[in-house]
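Take a look at the structure below.
The values are calculated or read from the model by the stated rules, or taken from the named source; none is laboratory data. Bear in mind that the values here come from a model prediction, so they are computed numbers and not experimental data. Glycine also receives a Cβ, built like all others from the backbone with ideal geometry; neighbour counts cover every protein chain displayed. All accessible areas refer to the heavy atoms of the entire protein, side chains included, with ligands and DNA or RNA removed. Shrake-Rupley method; radii C 1.70, N 1.55, O 1.52, S 1.80 Å.
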Amino acid sequence: MELDFLAAHMRNPPPIFRGIFSSLYPVPKTCLILCPDKPQLGNISLFPSVHFSCFSCAALQTIEPNSSSVENPKLQYSFGSKRLIKEVKYGAKERFLILNKKKGVKWYSEMLKDYATKLCLKEGKALHGEIIRSCIETDSHLWVSLINFYSKCGDLVMAGNVFDLIPERDVVSWTALIAGFIAQGYGSKGICLFRDMRGENVRPNEFTLATVLKGCSMCLDLEFGKQLHAEVVKVAGFSDIYVGSTLVDLYAKCCELESAVNVFFSMPEQNSVSWNALLNGYVQAGQGEEALRLFSKMSDSEMRFNNYTLSTILKGCASSPNLRAGRVIHSLLVKIGCELDDFTSCSLVDMYNKCGLQDDALKVFLRTKNPDTVAWTAMISGLDQQGQKREAVQLFCLMRHSGLRPNQFTLASLISAAADSVDLICCKSIHACVYKFGFDSEECVSNALIAMYMKFGSAFDGHRVFSSTSNGDIISWNSLLSGFHDNETSYEGPRIFRNLLVEGLRPNMYTFISNLRSCASLLDATLGKQVHAHVVKANLGGNKYVGTALIDMYAKCGHLDDAEVIFYRLSEKDIFTWTVVITGYVQSDQGEKAFRCFNQMQREAIKPNEFTLASCLRGCSGIASLDNGQQLHSLVIKSGQFNDMYVASALIDMYAKCGCINSAESLFKSVESCDTVLWNTIIFAYSQHGLDDKALEAFRTMLSEGTLPDRITFIGVLSACSHLGLVKEGRRHFDSMKVVFGITPSIEHYACMVDILGRAGKFDDMEHFIDDMELAPNALIWETVLGVCKAHGNVELAEKAANILFEIDPTAESSYILLSNIYAIKGRWADVSKVRALMSRQGIKKEPGCSWVKIDNQVHVFLSQDASHPRLNDIHKKLEELASKITAAGYIPNTNYALHNVSDKEKIDNLSHHSERLALAFALMSSNRNSTARIFKNLCICGDCHQFMKLASIVTNREIVIRDINRFHHFSHGMCSCKDYC
């Protein structure tokens, strides 16, 4: 209490200075504890404009404190130049307190240093309050101690306030403040303070230069760093090893590795800090192998490396990836006893993860005694990057059970893993976890959340997270763009891209790739060309990833010429680039070009992946190239990719479309597990080959095995019902789509039902069905009606359907041809002439019927009445020989299928020279006697040729397979697989 009384009577500082320290904690009256051998107050003057000319208040020290008598103490003061003797009388006793002023200031500095080390901001502020109350004179060391204390505790405002009160600011005080800002991550502010210091003509020392260079490294300010480099040379500070090390670090972090190496090797000596800075620069630049070579030099120089050095090298091994070198570094860590150090164990886990050895990474992780959050994060991130998404999520759960708190990087890796491994509800619970730990404002976490929601197709939630970010960067915009690639939301992609440009952000390659995918989904080549212009402007036209996206966009939009130009301009092409251009050819029905492109890719020693092989097999299916398909099959077996669902499905489809249904069936049965796509493939294959009973049986097996059908499945099932004339069963399957499986019927399903009813001759039911359709009838429905009218000769309904089709699409060739054929079969030649005249006025030409057969890897094409083949005479002789045998077997030409108004003799002659008969004659005379004759036709086979082929299979004792525009016909022993459904 005596001390409180004394303090109350001390001269108060002016109000202007009292306000500056209003944020300090008030000093309680009972907080002063007198100790016999430790000073409690020091002599400090924080107010340079106030001079105590009469006396200086000294620190106090008690000898034998007596707290029994505290009332009305008698105070006496005596003054001296060096000491202040204060006599305090406690009743009957007198005590003398003698303090050494210098000792008090030193003690305060040490206490501030201790509080700064322990980050005890509250206690340090209380001590600062004691200093102010004591009014002792302050030396420069105590000023710097105060600045260091506030800086290290993160209170940079108070550090600046203290700095502003220093009467004479020297290089040490300036450096202390600059170091404080830089240590807290404010590199740019540190550089500004250095400029202010130089403006006051204060010359920097080596420590100042090293500190400011560290700030330049932090904010990657290379230009100012180079100016400081000149300053270093000017003040001869280059001999200081720490200044040299910070210069190396600056150039390395700014990817000026050549300058970093020059500085490093021109230093008088190197220490582990400078070595580590250079090594880290190479690792950050992705030059892991160069970092390893530099490390070898470091080892040769007998420089002693530490765990930080080895950890840096492990990062280089991870980025290379160089497993062999990583294991060598691991052995060195074991040798120096740092293997289980938290710092190095994280690097080991990361290295093994990136080298694809998750088991080894897990072993290192489990051997770490007390893995911290960084170690857990490294393991979770490694599992995520290697595709073990569920394991990453499970590991996070174990981390939470251990009681550790995740950081933003842990949550970002977890979100990335969850997006590919769990359901949306679980992902939303992880989002709640982000809020719980307060990381919802972290950019890396927000960006991961946006990408997660976009992967699940939850664009609304993704956009809501994006809108909540205060400063969305280009990564945020790219994450948002990544969710607008499908057909329903693609239109949003270009709009977001425009908004991005309006915000002044510079798009990068990921931005362009996402936007080009949106354009590809929209099939909007005009918009794609505008994006292409931005790509060229951004100088990314030669980037292989952007180039691949451009090729894909142009190919899907049908601009294959533009796609080819970009493809051949790319200097670097990877497997994805080749696959995209091959797929483009396949989708444009240019199977020959696709296979040539595939051969060229192999010549350039690029190995195909499963998508490449699947695309090439689809190309073979399109052109019915069995030989090429069989070559690809052998390549699939050799590469061990048959178990891939896409490849297996493409192989089955290829054999089916090349007429080899037995091979397709055998392959299907050899697949261990089937998904919906594989079941659809075999169901369609059976249906196309007339094996409709097997198609329905496959569907029943599919359901019994628990595989859910999709809308494609039901098209195959309904087609099989139509071929078999199963009206009731077809109706039952159609109704089950919505009721049982929740599939809304599309226009294709309605067309199948129309075909089922029409083929069964139930025209009234068919018309009622069309009238009651939930979807508006379109061209497909009326084309189906026109087809069943041809099969039944229903002219009246055919005319109604044709007139509707003429209104919907006046340029559709098939509508005119079908109606004309219906009239021709009925002998209504005047009506035939009218339809053909209408075609002529519309500028429509009938596609000539042609057939082709492949003999010795060469395709031979035949037109009706063809006279161009070099072996035409031999073909006619073979055909006449075959016709005489078939006539003897009972063949009678059906002139109803001769669709021209000519004499019966000419009709018979026309029928006898249809293109499929010419192709058959050539196949019989050119192929092995026991081989199957495989013929492909661009139109439907006519009824007369169908009967001819049935008899030809008897007289030649060979199987004849003809694929027309609708299905395969397997002729064997006088029977056809289509059961005369042609």
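Packing-based ranking of 165-177, 492-504 yields 165-177, 492-504, ordered from highest to lowest mean Cβ neighbour count within 10 Å. Across region 186-202, rounded Karplus estimates of 3J(HN,Hα) from the backbone phi angles (6.51 cos²θ - 1.76 cosθ + 1.60, θ = phi - 60°) give 9, x, 5, 5, x, 5, 4, 5, 5, 4, 4, 4, 5, x, 8, 6, 8 Hz, Gly and Pro being marked x. For each pair in K878/K905; K354/K556; K389/K669; K556/K854; K189/K214, compute the distance between the two Cα atoms and list the pairs where it is over 24 Å. Result: K354/K556; K389/K669; K556/K854 exceed 24 Å.
For region 873-982, a crude dipole built from +1 on the beta carbon of Lys and Arg and -1 on the beta carbon of Asp and Glu, taken about the Cα centre, is about 340 debye to the nearest 20. With a Förster radius of 41 Å applied to the beta-carbon distance between V859 and L703, the computed FRET efficiency rounds to 0.50.
Extension gain, D423-W107: 0.36 nm per intervening residue step, less the Cα-Cα distance, totals 107.6 nm. Given that just one value was derived from the coordinates, which of (i) 1.44; (ii) 1.39; (iii) 1.21 is Cα Rg over 2.2 N^0.38 Å? Derived directly from the coordinates: (i).
Across the options A378, C942, V212, the greatest Cα extent toward the positive end of the charge dipole of the chain (unit charges at beta carbon of Lys, Arg, Asp, Glu) belongs to V212. DSSP beta bridges fully contained in the chain are about 85 percent antiparallel.
When E231, E206 are compared by accessible surface with a 1.4 Å probe, the order from highest to lowest is E206, E231.
Packing order of peptides 463-469, 272-278, highest average first: 272-278, 463-469 (average count of other Cβ atoms within 10 Å over each peptide's residues).
Bridges between two residues of region 830-982, per DSSP, are antiparallel at a rate of about 80%. Helical content alone sets the calculated 222 nm signal of the chain at -20000 deg cm²/dmol, taking -39,500 (n - 2.57) per DSSP H segment of four or more residues and averaging over every residue. Charge dipole (Cα centre; +1 on Lys/Arg Cβ, -1 on Asp/Glu Cβ; no other charges) of the chain amounts to roughly 1720 debye.
Derived scalar couplings between HN and Hα for region 345-358 equal 5, 4, 5, 5, 4, 5, 5, 5, 4, 6, 8, x, 10, 5 Hz in order, rounded to whole Hz, by the Karplus curve 6.51 cos²θ - 1.76 cosθ + 1.60 (θ = phi - 60°), x for Gly and Pro. A 1.4 Å probe, protein heavy atoms only, puts the accessible area of S109 near 0 Å².
Summarising the label geometry, the points placed 7 Å from Cα in the beta-carbon direction at L780 and K297 lie 6.8 nm from one another.
For the listed peptides 609-617, 403-411, 353-361, 631-639, a ranking on the average number of other beta carbons within 10 Å per residue, highest first, reads 609-617, 353-361, 403-411, 631-639. Taking amide H positions as modeled 1.01 Å from N, with prolines and chain starts lacking one, the residues under 5 Å from I935 and 5 or more places away or on another chain are V961, I962, R963. Close lysine pairs were tallied over region 677-807: pairs 8 or more places apart or on different chains with Cα atoms under 24 Å apart number 8. Magnitude of the charge dipole for region 783-886, about its Cα centre and with charges confined to Cβ atoms of Lys, Arg (+1) and Asp, Glu (-1), is about 260 debye.
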